[in-house]
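Structure record follows, encoded as structure tokens.
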Amino acid sequence: MKIPFLKLPRFSGEVASSTSPEDTYRQAVSTLQDLIAPAGIKISSNYLKIGEKFCSTLFILTYPSYLASNWFSVLVNLDETFDLSVFFHPLDVAKVLRQLRKKSAEIQAQINIEAERGLVRNPLLEAALQNIEQLRDLVVRKEEKLFDVGVYITFYANSPQEIKKIETKIETLLEQQMIYAKPSVFRMYEGFESSLPLGLDRMLITNPLNSQPASTLFPFVSPDLSDNKGILYGINQHNNSLIIFDRFSLSNANMVILGQSGSGKSYAVKLEMIRSLLLGTDVIVIDPENEYSYLCNSIGGSYFKIAVASKDHINPFELPPIGADETSEDVFRSHILNLIGLIKLMVGGISPQEEIILDRALTQTYASRDIFPEDISVNNNPPLMEDLVAILQNIEGGQDLAAKLYKYIKGTYAGFFNKPSNINIFNRLVVFGLRDLEEELRPIAMYVVLNYIWTSIKKNLKKRLVIIDEGWWLLAHKESASFLYSLIKRARKYYLGVSFISQDIEDTLRSPYGKPIITNSSLALLLKQSPANIQLLGEAFNLTEREKAILLQAAVGTGLFFAEDKHVAIQVLASYAEDQIITSNPAQLLQIQQAKKNFPKTQTNR
């Protein structure tokens, strides 16, 4: 046994050789115990007070006739401070077999007596006899061993009231599985000793179990998120297994990704994009910072620049197709509501009277192009924003709205959304870049782009992902947040998965639509978080203290991965080839660009 180095006192006149090795060992051990021992222990009938902490011990008294696998995880994963000890005392097989034989004979005799009396058969006795005979056969063939098993849980708190609260919590969790635990009243010190890593069972309160039910007490369980199909999301840090998952196999394919700036959100999403494209899933991205342009160009995607002076245009007045279970009037009414929401964003809100005027003006604007609610498919020439402004100028009370929209047709933002659409999203990868837009136009642009994407998706049913980066822009306004929530709720119907990414955790979770978006997403990826946001995030995702600690200390690309009720710690890993086209590191991108410049020169020199 190796003893940690401790500087031992040396008295005057003493020489090192005068102290025997046994004395040195005893002195060292005594000094070590003094260092780690508490100042004192107060022993009560219901708890111990060790220093400033209180503790109590529970023992498992009885088990049901059947133990399900992994039942012990409710204790192992308990979000409290506790020590858990399991003792296996092997039993003498010959002695147990004699007892089982005797018990079998007693039960058989009882069955015969009841049969002679003409009583109805007793299924409990027959089941007990069958179980005993099966166990005897298994023990004789050495397929099973027998143990006396003791389980002790010592938990800690700051007050006797907290001790009682935790005790009730543990008892309730176990009783839900027909397992009953009792406090070690008047034996708290023995229970505390039995829970220490000394290998001493001072309580000796045991239950006989054979190998199979005893194996369910193995405490080292870890969640697994590996499927036969899907894409690789990362490495399970609990057991180093692979997290392979198909998001479309869940109740919905939506996902939220939350983390600090620089925590690896975009990197993880790009990795999922590449691997999803390989399996035939189309991907559409709303990119506020041009983080996806390099990836898009590298794999031959379509990149559309949404800006005031851009040549790429989207006309928000384009009508959506009519679905199989929809009517022309329903589609038209829904589209008018979306346009009202857009106008509210553009002008900064309108009064109820103005909303009525706007509703009437929009209907008249479509009528000017011979488009009516009864049949919206007869005309493929939708109106423009300037047509609406012209109608408003000729409606009583509509002049103020027309004046507010002036800058979008002839003013500073002329041409922004006042031209016919000249883009399509039928490439496998489509990215809408919004970086060059003014800040006040970004929510408007994201709203229009999302509406255009939704309209196009309904035309052609296909497996798709829509990536919304910096989604908190949409949550900042009621109209855009409501539209986003509606999209996420209806996405499953159109074989669509929406990924919502945000680094502004507080604004996201405090928005009236933030929590509903999370609850309507079967998947979540949480990366490194700041201490200011961890409490809010913990409440939203019901995180344990351990999981909060993981997020606070997480390195880049590590965090928590949620798939409905399952969650694991994840590390996102990419191959070298993937890393070269998905990286957002400016230094790495500069190095790649420099290598491309030098590559032709090297070839020429050869």
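Quick note: the coordinates plus some simple rules give every number you see, no bench work behind them. Everything numeric in this text was worked out from a predicted model, so none of it was measured. Every residue, glycine among them, receives a Cβ derived from its backbone with ideal geometry; neighbour counts consider all protein chains shown.
Directionally averaged projected area (the stretch 51-215, Cα convex hull): 12.1 nm². Helix 352-367 and the long axis of the chain differ in direction by around 60°, with both axes built from C-alpha atoms. In the structure shown, do any of LYS344/LYS515; LYS95/LYS182; LYS493/LYS566; LYS404/LYS515; LYS42/LYS548; LYS49/LYS548 have a Cα-Cα gap over 31 Å, and if so which? Distance filter (> 31 Å) returns LYS404/LYS515; LYS42/LYS548.
Over the C-alpha trace of the chain, radius of gyration and Dmax come out as 34.7, 114 angstrom. Applying 0.36 nm per residue to the separation of GLU545 and ALA414 and subtracting their alpha-carbon distance, the gain on full extension is 41.9 nm. Counting charges near ILE340 (Lys, Arg +1; Asp, Glu -1) among other residues having Cβ under 9 Å from its Cβ returns a value of -2. Taking all Cα pairs closer than 8 Å and separated by 6 or more residues, the relative contact order of the stretch 51-215 comes to 45 percent.
Applying the Karplus relation 6.51 cos²θ - 1.76 cosθ + 1.60 with θ = phi - 60° to the stretch 332-347 yields 3J(HN,Hα) values of 5, 5, 5, 5, 4, 5, 5, 5, 4, x, 5, 4, 4, 5, 5, 9 Hz, where x marks Gly and Pro.
With contacts taken as Cα pairs under 8 Å and at least 6 residues apart, the chain reaches a relative contact order of 16 percent.
The listed peptides 278-287, 112-121, ordered by packing as a protection proxy, come out as 278-287, 112-121 (highest mean of other Cβ atoms within 10 Å first). Measuring against 23 Å, Cα to Cα, the residue pairs LYS53/LYS528; LYS102/LYS142; LYS229/LYS462 contain LYS53/LYS528 as the ones spanning a longer distance. Taking the centroid of alpha carbons for each part, the stretch 339-384 and the stretch 464-511 are 25 Å apart. With N the number of residues in the stretch 403-447, Rg(Cα) / (2.2 N^0.38 Å) evaluates to 1.35. The mean sequence distance of close C-alpha pairs (under 8 Å, at least 6 residues apart), as a share of the length of the stretch 315-420, puts its relative contact order at 29 percent. The GluC sites (Glu not before Pro) found in the stretch 361-447 that occupy coil by DSSP, while having at most 14 further C-beta atoms within 10 Å, are GLU374, GLU396, GLU438. Sketch the reach of a paramagnetic label on LEU61 as a point 7 Å from Cα along Cα-to-Cβ, and name the residues of the stretch 125-154 whose backbone nitrogen lies under 18 Å away. Zone members listed by number: 149-154.
The packing ranking of peptides 426-437, 518-529, highest mean first, is 518-529, 426-437, where packing means the average number of other beta carbon atoms within 10 angstrom of each residue.
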